[in-house]
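First up is the structure itself, then whatever we jot down about it.
The values are calculated or read from the model by the stated rules, or taken from the named source; none is laboratory data. The shown structure was predicted, so the numbers you read here are calculated from the model rather than taken from an experiment. Neighbour counts are summed over all protein chains in view; Cβ atoms, including those assigned to glycine, are modelled from backbone coordinates with ideal geometry.
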Amino acid sequence: MPGGGSDHSMTVTHSESVLIAPLNLRISYSSDESAPLFYILKNGRLYQKTYATSIVVPVDINEDTIWEVFDSSSYSSNASVMDRRMEFDWGSVDDVDYYRIDYNDSGYSEYDRIYSDGSSRYHYRSRQLSNAATHQFRVVPVGTNGNEGTSRTFSAYIAGLPAQPGRSSTYNSGKATIVIS
C-alpha cells in the first residue's frame, strides 16, 4: 500500500533481507526522514508500525509472502504492491476524456491510458515490473479539449523475495527428519 500525493516520493532505503533462522527473516531499512515512523506491510496489509530500523518477520515456506516497508511520506492506503506489479486507484475528475498513466524512467513518458466512463473511481494494475527497484507512476487527467489537469503520483519500492529455503526429507532409524536449508 505504498504511494502518495503528487509531492511524495519513496525515501526508504532497504538493506538486503537476511534469513536469520529457518523460519525468520530480518529486514533492515532506513529513511532520509527525521525520526520516521515505518509502516511494515505483509501481502499488502498493515502488519506493524515501528520506529525501529529493522524487524524480524516470520517465513512461511509454504506461502509466497510480500513484505513492504514505507516511511510516513511514502505510505498511503490507495495503492498496493505485489511481486513484479503495482496497483493503484484514484477518484474521478470532471470533464476528463482519459487518464494518462506515465512511468518515470529517467523522466516521465506515457505508459498507458484509461478512458473515462463516468465512474467515480478508477483502478490501474501495471504490467510486469522489475524487483529490487523503485517504480514511479503519474496519473494525468486529460480533458476533452486536450488540457492536462493536476497529476497524482504513486511510487513504490518492489523488494522481491529472497530465495525460499529448500526442503528435503531423510529417514534415520525409522524417524522422519525434515531438513530446511
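Figures for the structure shown
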| read-out | value |
| --- | --- |
| Strands (runs of 3 or more DSSP E) contained entirely in segment 17-70, each with at least 1 residues that are of a type outside the set (Val, Ile, Thr) and under 21 Å from His135 (Cβ atoms) | 24-31, 38-42, 45-50 |
| Residue within segment 105-118 that is crowded, with 17+ Cβ neighbours inside 10 Å and under 14 Å from Phe88 (Cα atoms) present | no |
| Those residues of segment 112-139 which are within 18 Å of Ile158 (Cα to Cα) and either part of a strand (DSSP E or B) or at pLDDT 85 or above (or both), in sequence order | Tyr124, Arg125, Ser126, Ala133, Thr134, His135, Gln136, Phe137, Arg138 |
| Whichever residue in segment 90-101 is in a strand (DSSP E or B) and either free of Cβ contacts under 8 Å to residues at least 24 places away in the same chain or over 17 Å from the mean Cα position of the chain (by Cα) (or both) and, among such residues, is surrounded by the fewest Cβ atoms within 10 Å (Cβ to Cβ) | Gly91 |
| Filter pass, Tyr103 being touching an Asp or Glu at 6+ places or on another chain (Cβ under 9 Å), closer than 27 Å to Trp67 by Cβ and hydroxyl-bearing (Ser, Thr, Tyr) | yes |
| Hits in segment 127-145 (condition: more than 27 Å from Val93 (Cα to Cα) and out of contact with any Ser or Thr (no Cβ under 9 Å at 6 or more places or on another chain)) | Gln128, Leu129, Ser130, Asn131, Ala132, Ala133 |
